[in-house]
Amino acid sequence: MKLAVLLLEGSMESAVIGMADLLGLANFVMRRLGKETRFQLHTLSLDGKPVRTSRGLRFPVDAGLSNSSPYDAIIVPGRLSGAEPARSPARQFAPAAAWLRRQHARGCLIGAFCSGVFLLAESGLLENRRATTTWWLQEDLKDSFPTVDLAGDAVVTSDDRIVCAAGPMSWVDLLLRLIEMVDGPDAARTCADYAVVDTAERTQAVYMPLGYLQRRDPLLIRADVLVRRARKRPMTVRRLALELGLSERTLHRRFMELTGASPQAFILRRRIERSRLLLETTTQSIKAVARAVGYEDDSSFRRAFRTSTAMTPQAYRTRRAARLFPARPSPDIDNLGGSIR
């Protein structure tokens, strides 16, 4: 995999160095297993000149955008200004946004994490595509780019060769997902094992402080937790009202005020969202996925899923797999240069 990291003013240098180390470890693993080393990292800036990082240091790069060669994947790191995530006016990074659009059009994987996701949104690459960013930037992303299909709980999302990851340290998740997409799940799993990285399914919700959750609206947060924990015992509107200490009529009124939808629609949406995650990230059967989200009858689950997504669960899984692992020609490793070998 030939990977480029696009550094902009304020980029987090720890992520760039960390990615270099992880790919170096991956090459060590490949050699130890008697396989060809496949991972190379290049650093880019807009003009090929060193970039001032989040710590104020000048970080040298390998090339500028005009002198760059083809890549398998490109990553946009998060950016900080002092201790705060940085968002510069779109016009400042318009050349980078245009370049990313061209690279994606030619078949390149594009990834970003933390505030780097905003550049993908500004480039138009996230329009009507699933994406995520760190929980404390999500409201800003949603307000600024309402056409983004924001997966608020997700740590990593993949949609049509666009991969987004959540927090400032989630470059690890992002890089492993890209390795999986280019070199297969076995390579990604081996890299994770040697790096002692936990790749188990998880959600951002566990990291959100209680005060932040309560500002979003305590009723919705409590309802969300109750629905997600229901699992094998399906949640109903009546049960939800009882557990929230409200009448069904009051519950309906509050949900219409807060979400514009009924409690039943809220329950269905949360269950279908979890089923989408399971279909994307596990090999569980459709029946097992149905049980995991609270459906005793998998035919009822199939109908509900089709109503919500306009496709069957199996068709959704197949389509997502095709987006995650598109047919692509193998790179000519012998002719690739790079700073990591």
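Throughout, read-outs are computed from the coordinates displayed, never taken from laboratory work. Since we're looking at a predicted model, the values are computed, not measured. Every residue, glycine among them, receives a Cβ derived from its backbone with ideal geometry; neighbour counts consider all protein chains shown.
Within 10 Å of each candidate Cβ there may be at most 14 other Cβ atoms; applying that plus a DSSP loop requirement, which GluC sites (Glu not before Pro) in the stretch 94-149 survive? Walk me through the intermediate numbers first.
Values: sites: Glu122, Glu127, Glu139; in loops: Glu127.
Within the stretch 94-149, the qualifying GluC sites (Glu not before Pro) (loop, at most 14 other Cβ atoms within 10 Å) are Glu127.
Please give the calculated 222 nm ellipticity per residue for the chain, where each DSSP H segment of at least 4 residues contributes -39500 (n - 2.57) and the sum is spread over every residue; nearest 500 deg cm²/dmol?
Values: 14 runs with 159 residues, N = 341.
Computed ellipticity for the chain at 222 nm equals -14500 deg cm²/dmol.
Using a Gaussian network model of the chain whose springs link C-alpha atoms within less than 10 Å, name the residue from Glu257, Glu13, Glu280 with the highest mean-square fluctuation.
Glu257
Using a ≥ b ≥ c from the Cα gyration tensor of the chain (square roots of the eigenvalues), is it rounded, prolate or oblate, where a/c under 1.5 gives rounded and otherwise the larger of a/b and b/c decides, a/b for prolate? Could the numbers behind the result be given before it?
Numbers: a/c = 2.21, a/b = 1.61, b/c = 1.38.
Prolate.
Rounding to the nearest 20 debye, state how big the charge dipole of the stretch 119-184 is about its Cα centre with +1 on each Lys and Arg Cβ and -1 on each Asp and Glu Cβ.
On the way: 5 positive and 12 negative charges, 19 e Å.
For the stretch 119-184, the charge dipole is close to 100 debye.
Neighbouring Cβ atoms within 10 Å as the yardstick, rank Arg303, Arg249, Arg271 fewest first. All intermediate terms of the calculation are to be shown ahead of the outcome.
Values: Arg303 13, Arg249 9, Arg271 25.
Going from sparsest to densest Cβ surroundings: Arg249, Arg303, Arg271.
Around Leu226, what is the net charge, scoring Lys/Arg as +1 and Asp/Glu as -1 over all other residues with Cβ under 10 Å from its Cβ? Numbers along the way, then the final one.
Working: positive: Arg222, Arg228, Arg229, Arg239, Arg270; negative: Asp224, Glu243.
Charge balance near Leu226 sits at +3.
How large is the charge dipole for the stretch 2-202, taken about the Cα centre, if only the Cβ atoms of Lys, Arg (+1) and Asp, Glu (-1) carry charge, to the nearest 20 debye?
620
Could you list Phe59, Phe266, Phe118 so that the one with the fewest beta carbons within 10 Å of its beta carbon is first and the one with the most is last? Could the numbers behind the result be given before it?
Details: Phe59 17, Phe266 21, Phe118 26.
Arranged by neighbour count, lowest to highest, Phe59, Phe266, Phe118 become Phe59, Phe266, Phe118.
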